[in-house]
Amino acid sequence: MVKLIALDMDGTLLTPGHEISPRNKAAISKAMERGVQVVVATGRAFYEAHGIINKLDMKLPYICLNGAEVRNESSEVMTTNALNAELIEQAADVFRAEDIFYQVYTDRAIYTASIEQDIEIFKDLSTQMGQKPEEDKIRRFMEERLERGTLIETDDYKSIFEREDENVLKLLAASSSKPKLVRAKNSLYEIGNLAVSASAPHNIELTHVNAQKGIALANVAEIMGIDMKDVMAVGDNLNDISMLKRAGISVAMGNAASEVKGIADKVTATNIEDGVAIAIEEALEEMDKEKAGARDTEA
C-alpha cells in the first residue's frame, strides 16, 4: 500500500510551462487527505523550486539538487551533501578541458559565467521538448531570477569555490556536442565519489556520490517510519533513476527517457497529459481495493 509518493518536478509534475496543472494539484491533495505523504524530489535548488511548489498551498518536504539538500515540511534544512574542494577542482578541470559551459549551484544561489549561454540552453531545451522557443519569455524569466538574486552572473567561479560560508551542492554542465558530453562523463566517472546524471539529453548534473535522489528518499522514508516497499516514485530522466530503483513502485512519465522507462514498473501519461495525477489516482484506487479485500477477509 502506498504511504509515500516522491515526485520529480521538471518533465514530471510540471507542465512544459513550469506550472502545476489543476488535476495534478487535486490528486496530490486527495492523496494527502487519505494520509499519504508526498515529497518533492527535484534537481532544482530549494530557492528555485519553492516558488512553484508553494502554489499548492501544502507543506511538503523537499529533496533538492538531486539529494544534495533535504528540507522538512517547514522548509528547514535537514541534511546537506556538498562537493569538497578537491572534487570541484577535478570536475572543473574536466569541463575546461572539453570546453563545456557549466553553472555552479550553491546553498545560496546559482552562478553562471554567461546569461546569454543560459538563454541558449533554455531555448535548446524547449526545442528538445517539442516546443517553439519563446526567447522573450526566457529572457524575462532570467531577469526575474537576477532580480531575486537566485541567479548571479560572474566570471570568477574560483572565489565561490574558496568561500567557507557557502556550500557548492551541484555543477550543471551543458553542451550541444554529444561527443564532448560522453568524454566528460567518462572522465568524471574515473574521478570517483561523484554522482553523474542528467536532467536533459544535452546536460550533465554533478553532485557528491551521497547526493542522489534514491539515497535521500530512503532517508526521508526512514525518518517517516515508512518501508520503501510502500513508496511510489515518479520521474522522467536519468537523475530520477536512483529513486525509481529504490522505490517499491516506480513510475516513468510518458515523456520519460527510454532508460527510465526501461527500469520502471509502469509508464503513465506525459506531463502534458497529467501523468502524475493519473499515477496517483491509480495508486489510490489500488489502496481502496486492498482495504476492501482486507475487510472481506476479516468478514
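Brief remarks follow.
- Reciprocal of mean inverse Cα separation for the stretch 85-208 (Kirkwood radius, Å): 15.1 Å
- Residues of the stretch 85-208: accessible area per residue with a 1.4 Å probe, Å²: 53 Å²
- Inter-label distance for D227 and H202, nm, one decimal - labels placed 7 Å from Cα along Cα-to-Cβ: 4.6 nm
- Given 15 as the ceiling on other Cβ atoms within 10 Å, longest exposed-site-free region of the chain for trypsin sites (Lys or Arg not before Pro) in DSSP loops: 164-299
- FRET efficiency for the pair K137 and E86, taken as 1/(1 + (r/R0)^6) with r the Cβ-Cβ distance and R0 = 41 Å, rounds to 0.55.
- Amide H contacts of I110 (H built 1.01 Å from N, under 5 Å, at least 5 apart or other chain): L151, I152
- Long-range amide H partners of V38 with built H, under 5 Å: I5
- DSSP beta bridges confined to the chain are antiparallel in about 55 percent of cases.
- A straight chain from S177 to K291 at 0.36 nm per residue would run longer than the Cα-Cα distance by 35.8 nm.
- Taking the Cα centre of the stretch 151-222 as reference, the dipole from Cβ charges on Lys and Arg (+1) and Asp and Glu (-1) amounts to some 560 debye.
- Listed residues D155, D107, D236 arranged by accessible area, highest first, probe 1.4 Å: D155, D107, D236
- The chain - Kirkwood radius from inverse mean 1/r over Cα pairs (Å): 19.7 Å
- Unsatisfied cross-links (Cα-Cα over 18 Å) in the set K137/K180; K132/K266; K30/K59; K170/K213; K3/K229: K137/K180; K132/K266
- Estimated 222 nm signal from helices in the chain, with DSSP H stretches of n ≥ 4 weighted -39500 (n - 2.57), rounded to 500: -13000 deg cm²/dmol
- Extending 7 Å from the Cα toward the beta-carbon at both T127 and D156 defines two label points whose distance is 3.5 nm.
- The chain - charge dipole about Cα centre, Lys and Arg +1 at Cβ, Asp and Glu -1, debye rounded to 20: 540 debye
- Using distinct alpha-carbon pairs, which all enter the 1/r mean, Kirkwood radius of the stretch 30-85 in Å: 11.8 Å
The values are calculated or read from the model by the stated rules, or taken from the named source; none is laboratory data. On a predicted model such as this, the values are computed, not experimentally measured, just so you know. Ideal geometry is used to build each Cβ from the backbone, glycine not excepted, and the neighbour counts take in all protein chains shown. Ligands, DNA and RNA are stripped out before the accessible areas are found, and what is left, the full protein with its side chains, is counted by its heavy atoms. Shrake-Rupley method; radii C 1.70, N 1.55, O 1.52, S 1.80 Å.
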